[in-house]
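J.: Take a look at this one; I'll ask things after.
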Amino acid sequence: MDRFLFSVVGLVITLSLISSQAEARAFFVFGDSLVDSGNNDYLATTARADSPPYGIDYPTHRPTGRFSNGLNIPDIISEQIGSEPTLPYLSPELRDERLLVGANFASAGIGILNDTGIQFINIIRICKQLDYFQQYQQRVSALIGAEQTEQLVNQALVLITLGGNDFVNNYYLVPFSARSRQFSLPDYVVYLISEYQKVLRRLYELGARRVLVTGTGPLGCVPAELAQRSRNGECSAELQRAAALFNPQLVQMLNQLNSEIGSDVFVSANAFEMKMDFINDPQAYGFVTSKVACCGQGPYNGIGLCTPLSNLCPNRDVYVFWDPFHPSERANRLIVQAIMIGSTKYMHPMNLSTIMALDSKA
């Protein structure tokens, strides 16, 4: 009798765990290395963060495939919304009830365009990420049924981060690149936005109803660009111009999509303004430098990759940039703080805490 009672209690606990995870909000992530949590570790590509000192401040102190010294933006959003971190879609651990938490489909090196990041060979382009999202839904349907799966996806939070690589690893990758011969910068931006719109429409068709869309950061101010293009530590005017053209047109396109749909599905996060705050005045945010990467070599530690042989700063918390392109965990925490509670300067039409409050009432 006791054994029977014990097994019933065990079953009830297991079922309640699964149902509470199903009730908790799922989280899906799409995009590039700013949000990749390790998918590229499972691929034959050079765009990977699987060796030290990556992950030096992660709880395990080991590389995880995140392009960070510790946690990345999706990890910190998961923390803020009270759910466990989403696993990379290619991880063999992503199965059974772990699927109900959501999944991270992001892959370092990709862009809006399929020809972005071709030098990295084997990466999950955005169209393939969306195919995987469809496959994910089939897998979850087998677990909880089609109706519950549709509900899980409709009620989920989605983050998508694209665009930076279409400039850095495409248009400006080499002088006289194919895309720069084909398009003037303003025309290229118009083309990118039109292609991005197709991606977001497909995401909506696949059931996404709350989508945070980040604009590009200050592309001209990352240590990699300072090392190549800057004489006195000033940001590259040309790459800053690219970001300044792209971001307002992205917001305009999201507004247009929302008005077509008749609902605030797409929410824009102004990563440019968020990062410029601490690039312009690092000391006000407790940083020592916003120009020199913690891990790297050459001017501004901005040349090449972060490797076990690179210069490495002793205190990552006082550096805005962890490596030549990516923010430190502490900078990521400030970015997520702006996503959570930022004013309309940073979040349009509303921030994530407002979204969470609205959706909990609904």
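The values are calculated or read from the model by the stated rules, or taken from the named source; none is laboratory data. This one's a predicted model, so the numbers in the text were calculated from it and none came from an experiment. No Cβ is skipped: glycine too gets one built from the backbone with ideal geometry, and neighbour counts run over all protein chains shown. All accessible areas refer to the heavy atoms of the entire protein, side chains included, with ligands and DNA or RNA removed. Shrake-Rupley method; radii C 1.70, N 1.55, O 1.52, S 1.80 Å.
J.: Given contacts defined as C-alpha pairs under 8 Å and at least six residues apart, what's the relative contact order of segment 236-337, whole-number percent? Can you show the working numbers first?
T.: Numbers: 122 pairs, mean separation 18.4, N = 102.
After rounding, I find 18 percent.
J.: If packing is taken as the average number of other Cβ atoms within 10 Å across a peptide's residues, how do 144-154, 124-134 rank, most packed first? Before the final figure, lay out each step's value.
T.: Values: 144-154: 15.5, 124-134: 18.8.
Going from most to least packed, we get 124-134, 144-154.
J.: Report, in degrees rounded to the nearest 10, the 0 to 90 angle that the Cα long axis of helix 185-205 makes with the longest principal axis of the chain.
T.: Between helix and principal axis, roughly 0 degrees.
J.: Further, regarding this structure: Could you give the size of the charge dipole of the chain about its Cα centre, using +1 on the Cβ of each K and R and -1 on the Cβ of each D and E, expressed in debye and rounded to the nearest 20? Kindly include the intermediate steps, with their values, before the conclusion.
T.: Working: 27 positive and 33 negative charges, 83 e Å.
Computed charge dipole of the chain: roughly 400 debye.
J.: Per residue, what accessible area does the chain have, given a 1.4 Å probe and all protein chains present, in Å²? Display every interim value, and only then the final one.
T.: Numbers: 16010 Å² over 362 residues.
Here the residues of the chain average 44 Å² of exposed surface.
J.: Quick one: 3J(HN,Hα) in Hz for segment 103-118, Karplus 6.51/-1.76/1.60 with θ = phi - 60°, rounded, Gly and Pro as x.
T.: Calculated HN-Hα couplings, in order: 6, 10, 9, 5, 9, 4, x, 7, x, 5, 8, 5, 8, 6, x, 4 Hz.
J.: So if R0 is 35 Å, what FRET efficiency would Asn114 and Ser343 give, r being the distance between their Cβ atoms, rounded to the nearest 0.05?
T.: For Asn114 and Ser343, the calculated efficiency is 0.45.
J.: Now for a separate question. Starting from 0.36 nm per residue, how many nanometres of slack lie between Val190 and Gln228 once their C-alpha separation is accounted for? The partial results should precede the final answer.
T.: Values: separation 38, 0.36 × 38 = 13.68 nm, distance 2.66 nm.
Extending this stretch completely gives an extra 11.0 nm.
J.: Taking a Cβ-Cβ separation under 4.7 Å as the criterion for a possible partner, which cysteines of the chain have none?
T.: Cys127 - these cysteines have no disulfide-compatible partner (Cβ-Cβ under 4.7 Å) in the chain.
J.: Can I ask one more? How tilted is helix 2-23 with respect to the longest principal axis of the chain? Cα atoms for both, answer in degrees (0 to 90, nearest 10).
T.: The two axes meet at around 40 degrees.
J.: Run the numbers for Ala44 and Ala178: contour at 0.36 nm per residue of separation, minus the present Cα-Cα distance, in nm. Kindly include the intermediate steps, with their values, before the conclusion.
T.: Numbers: separation 134, 0.36 × 134 = 48.24 nm, distance 2.53 nm.
Full-extension gain reported as 45.7 nm.
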